[in-house]
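The values are calculated or read from the model by the stated rules, or taken from the named source; none is laboratory data. If you're wondering where the values come from, they're calculated on a predicted model, not measured in any experiment. Note: ideal-geometry Cβ built from the backbone for every residue, glycine included; neighbour counts use all protein chains shown.
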Amino acid sequence: MRPTPRAYLGRKNLNKSPRITRDLLASVQRGAMQRHKLTIQAIPLCEVPRTHLYKILVVDDNAPLANTTAAVLGSAGYECRALHSGAAAIEVASEFVPDLVMSDVMMPDVNGVQVCMRIREQLPYCAILLFSGDVYQARLLMEQAEVNFPLLPKPIAPADLFRQIELLLRQRPQVDELSLIASPTGQKSRRRARIV
C-alpha cells in the first residue's frame, strides 16, 4: 500500500526537523547573547536600592547638634534617632537595632567609647563612628579601653560625614540583628534555618 502524500510529507519533515531545530536553537542563543551583554558598573551606595533603610543612632549631649545631625541624615534617606545621653543610647539600642552608632566621646554620664562598647556587646555587627571636639582625649579613652573606633573631629564637614558613613555601612556584614538579639547563643536561628 502506498502512503498518502500527506503522511509522506510528514515523514520527510520529521527526518529534517532535528537538524533545523539545532541550527535554529544555535542562532537564537547567539542572538540572545549579543542582545543581553552583561555590563558591570560601579554606582554610589546612596543610589543602590535598599531592601530597608539603614538605621543610625546619633548620640550627643549637645541636643541641638544631635537633632540637626539626625535631621540631615534623615533627609539623605537614613532612618535616624537622636539621643542626648549615653545611658539612654544603651537602653534604646536593643529596641532600635541600629546599623550604625554615631556618638560624641565627651559626655557627662557615660563617655562615647563606653557607650559604643556596650552597644557592640549587644549588637556585634553594628558599625561605630565616634566624633569629638578633643581628639587627643578621645584617643586616650580608646587606648585605655583597648578599642579602635573610627574618629572624626568636630566640627564635621557634611561631605566627610557622608563619605565615612557610606564606607562603614559598606564594610558592615549583612546580618539579621533581630535574630541575634532574640538568641545570643544562636540556637533559635539554627532552628529557623532547619524549618525553612
Note: among Val105, Val97, just one is farther than 14 Å from Ile56 by Cβ and either among the basic types (Lys, Arg) or touching a helix residue (DSSP H, G or I) at 6+ places or on another chain (Cβ under 6 Å) (or both), namely Val105
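One residue is enough: does the stretch 135-145 have a residue meeting the conditions outside any helix (DSSP H, G or I), at pLDDT 90 or above, out of contact with any Phe, Trp or Tyr (no Cβ under 6 Å at 6 or more places or on another chain) and not β-branched (Val, Ile, Thr)?
Within the stretch 135-145, the subset outside any helix (DSSP H, G or I) is none.
No: the stretch 135-145 contains no residue that is outside any helix (DSSP H, G or I), at pLDDT 90 or above, out of contact with any Phe, Trp or Tyr (no Cβ under 6 Å at 6 or more places or on another chain) and not β-branched (Val, Ile, Thr).
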Among (1) modelled with pLDDT under 90; (2) in contact with a helix residue (DSSP H, G or I) (Cβ under 8 Å, 6 or more places away or on another chain), Lys154 falls short only on (2)
Within the stretch 123-171, of all residues that are of a type in the set (D, E, K, R) and closer than 21 Å to Ala93 by Cα, the one surrounded by the fewest Cβ atoms within 10 Å (Cβ to Cβ) is Arg170
Of Phe149, Phe162, the only residue that is out of contact with any Pro (no Cβ under 7 Å at 6 or more places or on another chain), modelled with pLDDT of 90 or more, part of a loop (DSSP other than H, G, I, E, B) and not β-branched (Val, Ile, Thr) is Phe149
Within the stretch 71-122, restricting to residues that are basic (Lys, Arg) and touching a residue at least 24 places away in the same chain (Cβ under 8 Å), the one that is surrounded by the most Cβ atoms within 10 Å (Cβ to Cβ) is Arg81
In the set Arg194, Arg170, the lone residue that is basic (Lys, Arg), modelled with pLDDT under 85 and either closer than 24 Å to Val115 by Cβ or assigned to a helix (DSSP H, G or I) (or both) is Arg194
